[in-house]
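Notes for the one structure printed next.
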Amino acid sequence: MMHRFAKTIGTKLRRFGRDQSGSATLDFALMLPAVMLIFTSGVESGVLSTRHVMLEAALDTTVRDVRIGRIPNPSHEVLVERICEIARIIPDCATNVRLEMMPRDPLNWSAPSDTVMCVDRAEEGDPVLNFNSGLNNELMVLRACVLFDPMLPTTGLGKEIPKKSGGAYALVATSAYVMEPFQR
């Protein structure tokens, strides 16, 4: 009796070992996590790139508006409002954008520091701003920092991007212009 049972089990195991049905399912199940990781990282990268392009375009357009006199007395609030109006893809724009405006001497050039001032989400009240609207014929450097929350912060690209305040990543855009004499 035991011999027949062992023989039956052995026959079924050999048949199971030769059976090819389900092998595609196994390959799919093993490859799905890797494919999904690549896909979600690609989507995250695309969103990041689109937001950065829109930030750059909004900053350049805003600087152009200041340069030609459409924005006569640029203040932090006015410039942030204009950037947010143009770059509508930036979520919660007014609270996530921080600008730095610094005068620079083109004859005695000193580059702005590598440390970019971004919004600190933990900070209460109005932050101290490095914002100097400049004088006539003065070269001004305007730098914008915007914080974004990654779509998938624990996997793929969202995990690897350097984080700033509150687990968000920062995108920075810089532009320069000369304050025209008609502005003040």
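The values are calculated or read from the model by the stated rules, or taken from the named source; none is laboratory data. Remember, it's a predicted structure, so these values are computed and weren't measured experimentally. Glycine also receives a Cβ, built like all others from the backbone with ideal geometry; neighbour counts cover every protein chain displayed. Just the protein is used for accessible areas: all its heavy atoms, side chains included, with ligands, DNA and RNA removed. Shrake-Rupley method; radii C 1.70, N 1.55, O 1.52, S 1.80 Å.
All but one of (1) in a helix (DSSP H, G or I); (2) among the hydrophobic types (A, V, I, L, M, F, W, C); (3) farther than 25 Å from PHE148 by Cβ hold for MET36, so report the exception by its number. Against the list (1) in a helix (DSSP H, G or I); (2) among the hydrophobic types (A, V, I, L, M, F, W, C); (3) farther than 25 Å from PHE148 by Cβ, MET36 comes up short only on (3). Can we say GLU81 is acidic (Asp, Glu), modelled with pLDDT of 80 or more, touching a strand residue (DSSP E or B) at 6+ places or on another chain (Cβ under 6 Å) and farther than 27 Å from GLY42 by Cα? No. Residues of region 165-181 that are open to solvent by 50 Å² or more (accessible area, probe 1.4 Å), modelled with pLDDT under 85 and within 22 Å of ASP92 (Cα to Cα): GLY166 alone.
Taking the conditions exactly as written (open to solvent by 70 Å² or more (accessible area, probe 1.4 Å) and either in contact with a Pro (Cβ under 8 Å, 6 or more places away or on another chain) or among the hydrophobic types (A, V, I, L, M, F, W, C) (or both)), does ALA58 satisfy them or not? Before the answer, list the steps.
On the way: open to solvent by 70 Å² or more (accessible area, probe 1.4 Å): no; either in contact with a Pro (Cβ under 8 Å, 6 or more places away or on another chain) or among the hydrophobic types (A, V, I, L, M, F, W, C) (or both): yes.
Here the answer is no, as ALA58 does not meet what is asked.
Taken over region 113-146, the residue count meeting the criterion of being under 27 Å from ARG51 (Cα atoms), open to solvent by 30 Å² or more (accessible area, probe 1.4 Å), at pLDDT 75 or above and not hydrophobic (A, V, I, L, M, F, W, C) is 3.
Within region 61-97, the set of residues being surrounded by 13 or more Cβ atoms within 10 Å (Cβ to Cβ), more than 15 Å from the chain's Cα centre (by Cα) and outside any helix (DSSP H, G or I) comprises ILE71, PRO74, SER75. Taking (1) part of a helix (DSSP H, G or I); (2) out of contact with any Cys (no Cβ under 7 Å at 6 or more places or on another chain) in turn, ALA111 satisfies each apart from (1). If you filter region 102-120 down to residues that are under 22 Å from SER75 (Cα atoms) and of a type in the set (Asp, Glu), you find that the one that is nearest to the chain's Cα centre (by Cα) is ASP120. The set of residues in region 1-57 being among the acidic types (Asp, Glu) and either at pLDDT 85 or above or closer than 30 Å to ALA170 by Cβ (or both) consists of GLU44, GLU56.
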